[in-house]
Amino acid sequence: MQTIYFGAIDIGSNAARLLIASVNTDEPVSKIRKTILLRIPLRLGEDVFSTGRISEERIKKFIRMMKAYKHLMSIYEVEDYMICATSAMREASNGTKVAETILDRTGMKIDIISGKDEARLVYDSKIADELNPDKTYMYVDVGGGSTEISIIEGGRRSKSKSFGIGTLRLLAGKVNDSDWASMSKWLAEAYSHSSDHEIEIIGMGGNINKLYRLANLAKGEKLSPEKLRNLYIRLKNLSRDERMIKYDMRPDRADVIIPASEIFLFVCDRAKVSAINVPTIGLVDGIVHSLYEKYRKKSVKKRIIIK
């Protein structure tokens, strides 16, 4: 049995994640297993949403982090990898230059992807395969700089949209009323056009995962909007330091969890959401699935040529 490894790096506005996953190719049904999942709070968005560019100090940290990630992927001899940067790198005036610097200093190519491509890659995680095809779902991925939403109907993605509303952007005061109005209009139309008026969210990102754990739900239980609202009120009444102590949160989680809750609650209200599913997936999962599909198709093509 051959085990191969794939690497995925998500350069987000708040944190940068590395996922190294393995696949046993001789199994009847190939199953992707998470081997390493690391998260570093690089916080590119703190620079970009206040000054419009990534600072020299942050670039130095960025380079050191990428070298560390490269060494880890070398140890596992990954078959292939992909690095995707999202909102902060998209909007930074020196984002392309920083990507070129990373390539020059580490040999690692960063793809700065659009919000649409980000939504597509998250969908590639294949979580839709496990959903009820008769229900309507919304993928909601709340990041530091943006929120990606996709509508899933009949087991297929029917539409998606990226909004410039994210946790760090909210903390920096860079989200205006027109941004909220745009999201509200899109969500209302998505709900009114849906044949299923019991829409459920598939929530993605570290904040909704933490909120789900804090809700102390039974195994497999969904998070209701009401329970999320009660939890949000409880957290908002505490200072950041109090949240860190009482709920064992890192500093970079204790501040963004409030605006993340507000975004999820806004979506719940505007789309009349009945429940929130939290499957613990994200962009890195979609990247790995995409890499594996690419590998699988390439292997099939080789076998056909040999025959």
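The values are calculated or read from the model by the stated rules, or taken from the named source; none is laboratory data. Worth saying up front: this structure is predicted, and the values here are computed from it rather than measured. Positions of Cβ are backbone-derived with ideal geometry, glycine not excepted, and every protein chain shown enters the neighbour counts.
Structure summary
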{"quantity": "Search result, residues across region 264-288 that are in contact (Cβ under 8 Å) with a residue 60 or more places away in the chain, part of a helix (DSSP H, G or I) and closer than 22 Å to Tyr191 by Cα", "calculated": "Phe264, Phe266, Val267, Cys268, Arg270"}
{"quantity": "Qualifying residue in region 23-46 (condition: over 17 Å from Ile83 (Cβ atoms), in a helix (DSSP H, G or I) and out of contact with any His (no Cβ under 8 Å at 6 or more places or on another chain))", "calculated": "yes"}
{"quantity": "Enumeration of residues in region 80-105 that are part of a helix (DSSP H, G or I) and touching a residue at least 60 places away in the same chain (Cβ under 8 Å)", "calculated": "Ser87, Ala88, Met89"}
{"quantity": "Close pairs (8 angstrom Cβ cut-off, 6 or more residues apart or separate chains): free of Cβ contacts under 8 Å to residues at least 60 places away in the same chain and among the charged types (D, E, K, R) in region 219-237, surrounded by fewer than 18 Cβ atoms within 10 Å (Cβ to Cβ) and part of a helix (DSSP H, G or I) anywhere", "calculated": "Arg229/Leu265"}
{"quantity": "Candidates Leu217, Leu291, Leu238, Leu211 - the one that is of a type outside the set (D, E, K, R), surrounded by fewer than 16 Cβ atoms within 10 Å (Cβ to Cβ) and more than 26 Å from Pro133 (Cβ to Cβ)", "calculated": "Leu238"}
{"quantity": "Criterion (in contact with a strand residue (DSSP E or B) (Cβ under 8 Å, 6 or more places away or on another chain), over 15 Å from Val98 (Cα atoms) and surrounded by fewer than 16 Cβ atoms within 10 Å (Cβ to Cβ)) met by exactly one of Arg33, Arg17", "calculated": "Arg33"}
{"quantity": "Flag for Ile257 being closer than 12 Å to Lys210 by Cβ and in the same structural domain as Leu168 (by TED's automatic domain parsing)", "calculated": "yes"}
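To keep it simple, each residue is scored yes or no on (1) closer than 22 Å to Ala99 by Cα; (2) over 16 Å from the mean Cα position of the chain (by Cα); (3) surrounded by 16 or more Cβ atoms within 10 Å (Cβ to Cβ); (4) small (Gly, Ala, Ser).
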| site | (1), (2), (3), (4) |
| --- | --- |
| Ala119 | yes, no, yes, yes |
| Asn132 | no, yes, no, no |
| Met138 | no, no, yes, no |
| Gly144 | yes, no, yes, yes |
| Arg156 | no, yes, no, no |
